[in-house]
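The values are calculated or read from the model by the stated rules, or taken from the named source; none is laboratory data. Computed from a predicted model, the values in this text were never measured in an experiment. Cβ: placed from backbone, ideal geometry, glycine included. Neighbour counts: every protein chain shown. We work out accessible area using only protein heavy atoms, side chains counted, and drop any ligands, DNA or RNA first. Shrake-Rupley method; radii C 1.70, N 1.55, O 1.52, S 1.80 Å.
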Amino acid sequence: MAWRKLLLPFALLGVCAWAQGPTYKMGRTPSADEVKAIDIAINPVTGKELPAGQGTAAEGTKLFVSKGCAGCHGANGYGGRAPTLIVPKGFPTGAGKGPEKIPNLAPGMEMGIMGPGLMAVHAPYAPVIWDYINRAMPLNREGTLTPNEVYAIVAFLMWKGEVIKEDEVMDQNTLPKVKMPHLDMATESPIWKPSSKRVTGYPY
Amino acid sequence: MKSKPTNRRGFLKGGAALAGLAAGAVQSVKAQPPDTFLRPRGTSKEQIAYGERSKYVTSKREPAPGRASPDAFGLAFHIGTPLQDQIGSVTPSALHYVATHRGAFVPEIDPKEHRFMIHGMVDRPLVFTMDELMRFPSVSRFHFIECAGNRARTTHKTVQQTHGLTSNSEWTGVLLSTLLKECGVQSAGTWIVAEGAEEVKGNSSIPMTKALDDCMIAYGQNGEPLRPQQGFPLRLLAPGYEGIFQVKHLRRVKVVDRYYWTYNDYGHRRSEAREAALATVWGPKSVITFPSGGQKVAGPGIYEIRGLAWSGQGAVKTVEISMDGGKSWKAAQLKGPTYKMAHVAFGLQWNWDGKECELQSRCTDDQGSIQPSLPQVAKYWNLPAGKEIRVKGLDNPIHPWKIASDGSVTNGMA
């Protein structure tokens, strides 16, 4: 592990021996419940923080309307004021295409710097979609969806995006196992090293 | 509230004469100006509590071209700082650019209620209050922040549009390494996920190498608490990394064993590892802010060409200026100390002969990286030459400004 080398100077200076106890002794220990309540970041590969619960596309179809998603994102997941969530028929499905090929039907709402995205198809791992909807949607009522509801809505969007079948049940075990079609579009950055060029050999 | 310059000038003259005639003599009571001269005029209570700028200074931020701020939902997205008006290396806090991972509202967070938690792969998870954080050894450092969306286009008119999504402040806070040490990072903990407390709970993955090197948990900006739009009461600084990593309203750092593909990470994903690295850290960059697009050079004569330079890899080493469209280069003067991952203002005297010309600036950093021209980037990546070349990773090419014979300045990319 490259980062451990970093600790060496500290150890040499005697400023800290990493394994030792705290120096300043401030702060309090959070309770297990407190950590659980705040810990909404989901490991994209193992999904280990995913809560118990389950949902299907059929349930998600109804929730998409009753939870207000349709009101902003359009009745069919496109054509609303908020970004496109479902590719309309007649447009490329995204399979084998970059995100820039997907039309954004809500002008001026391009997602990120990669151009219009389509999370339920382009996310490298399915828990990424779960994580976002759970923390950030519906807009203005963030954090109000139950785990079952999030599983169902994610199932609905992935089914519409032709990533899973209509009858597949999504839960903490099945969701991380979904094979997303665009894993190749999301490559992790190499581990950063202090005081070095961004990319070895890149002159600029 | 009318000012009476004649009176005041008279007073100053009188004072000077007096001082000249009776140097060292104690001023007699009689010679003191009447009361009315001393009473300040037009000073409102507001001006005493928190000073306002002169009414003659009207420089302001504006939404960056593209998606509106506020948008249809009242969310702010990208707001550019008026670089053309900036004087010196530090951005006034009120003019600091604003950008959000997703469109965002500005949350109202009571610092007394705010908590910051470190947990995950640590021996001792801890929760800190703001008061506790302020008791740790602090650091104050100048750093720029720049949004990945800071990408100059041919359609942009002003430097606020081409480069306005970067700003520079003195930040004060605690090094993240100090706090991580309190918690005892376990050997499996190779990444952190930093998360905000605003409605979207924006979060980013950052390698432990960076977290332990120079990341800072900042509560101060330019001598006062953070501005709400800059993450009040607490934000993360990952110096030199693009803006999305500088998590605002920081509520927790979770130590993890892999890249987490947060929504922020997903939004800036790249298909190639090399490009992903170039999309994380800013390369050497600079821009001329005077004369710049939309301004007018008054006529032939002497001016100071001015601008800003920075790099996400370290400190600025040199800045050069070309007055002939990149054929020849002259060293510019750096206007102050060059800090790592910080803007530095530069300047160079310029005797304009009134003829058409093209001005450019070029920055070299202490890693030896040089700011490229657009054709150089195209050549390196084998991209088709042209005006709208999309630089891989973050955008840092040399920016040209064209000066017409009437003194008007336009975007040289167009």
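Within 10 Å of the Cβ of each residue in B:384-393, the mean number of Cβ atoms contributed by other protein chains is 1.
What does the charge count around B:ILE403 come to, taking other residues whose C-beta lies under 12 Å from its C-beta (Lys +1, Arg +1, Asp -1, Glu -1)? Residues near B:ILE403 contribute -2 overall. Taking amide H atoms as placed 1.01 Å from N in the peptide plane, the amide H of B:ILE398 lies under 5 Å from those of B:SER373, B:LEU374, each 5 or more residues away in sequence or on another chain. Checking every one of the trypsin sites (Lys or Arg not before Pro) in the range B:273-302 against DSSP loop status and a limit of 10 other Cβ atoms within 10 Å picks out no site at all. The residues of the range B:285-411 have, on average, 43 Å² of accessible surface per residue, using a 1.4 Å probe with all protein chains present. Structure note, pairs A:LYS197/B:LYS392; A:LYS48/A:LYS179; A:LYS197/B:LYS157: Cα-Cα distances above 24 angstrom occur for A:LYS197/B:LYS157.
Rg/Rh for the range A:140-180 (Cα atoms only, Rh after Kirkwood) is 1.00. With a 10 Å cut-off around each Cβ of A:24-33, the average count of Cβ atoms from other chains is 6.
Compactness check for the range A:111-204: Cα Rg over 2.2 N^0.38 Å is 1.36. In this simple spin-label model, placing a label point 7 Å from the Cα along the Cα-to-Cβ direction at both B:TYR50 and A:LYS62 gives a separation of 5.0 nm. Near B:TRP261, once Lys and Arg are set to +1 and Asp and Glu to -1 for all other residues with Cβ below 12 Å from its Cβ, the sum equals -1. Computed with every protein chain present, the accessible area of A:LEU183 is close to 80 Å² [probe 1.4 Å]. Shown in residue order for the range A:145-153 are the 3J(HN,Hα) couplings computed by the Karplus curve 6.51 cos²θ - 1.76 cosθ + 1.60 at θ = phi - 60°: 6, 7, x, 4, 5, 5, 4, 5, 5 Hz (x for Gly and Pro). Measuring nothing but how far apart in sequence close Cα pairs (under 8 Å, 6+ apart) lie, relative to its length, chain B scores a relative contact order of 14 percent. 3J(HN,Hα) couplings calculated from phi for the range B:238-249 with the Karplus curve 6.51 cos²θ - 1.76 cosθ + 1.60 (θ = phi - 60°) are, in sequence order, 10, x, x, 6, 5, x, 4, 7, 8, 4, 8, 6 Hz; Gly and Pro show x. When GluC sites (Glu not before Pro) are flagged only if DSSP places them in a loop and at most 15 other Cβ atoms lie within 10 Å, the longest unflagged stretch of chain B comes out as B:114-271. What percent of all Cα-Cα pairs in chain B falls into each 20 Å bin, going from 0 up to the bin containing the maximum distance? Per 20 Å bin, starting at zero, the Cα-Cα P(r) for chain B comes out as 24, 48, 23, 5, 0 percent. The amide H of B:ILE192, built 1.01 Å from its N in the peptide plane, has B:ILE206, B:MET208, B:VAL256 as neighbours under 5 Å, considering only residues 5 or more places off or on other chains. Shape analysis of the range B:285-411 based on the Cα gyration tensor places the equivalent ellipsoid semi-axes at 24, 20, 11 Å, largest first.
Note on chain B: GNM, Cα springs under 10 Å; of B:ILE305, B:ILE48, B:ILE217, the largest mean-square fluctuation is that of B:ILE48. Other residues lying with their Cβ under 9 Å from the Cβ of A:TYR151 contribute a combined charge of -3, Lys and Arg counting +1, Asp and Glu -1. The mean count of C-beta atoms from other chains within 10 Å of the C-beta of residues in B:192-198, rounded to a whole number, is 2.
Here, the range B:80-276 yields an orientationally averaged convex hull projection of 11.5 nm² when only Cα atoms define the hull. Close amide-amide hydrogen proximity is noted between A:GLN54 and A:ASN148, each under 5 Å apart and 5 or more residues distant or on a separate chain (H modeled in the peptide plane; Pro and chain starts excluded). Computed from backbone phi, the HN-Hα couplings of the range A:49-62 come to 8, 4, x, 5, x, 7, x, 10, 4, 4, 5, x, 4, 6 Hz, rounded to whole numbers (Karplus: 6.51 cos²θ - 1.76 cosθ + 1.60, θ = phi - 60°; Gly and Pro given as x). Each Cα pair under 8 Å and six or more residues apart adds its sequence gap; the mean of these over the residue count of the range B:285-411 is a relative contact order of 33 percent.
In plain terms, chain B is cut at each of the chymotrypsin sites (Phe, Trp or Tyr not before Pro) found in a DSSP loop with at most 11 other Cβ atoms within 10 Å, and the longest leftover piece is B:57-414.
Highest mobility in the GNM of chain B, judged by mean-square fluctuation with C-alpha springs under 10 Å and restricted to B:GLY74, B:GLY307, B:GLY347, is found for B:GLY74.
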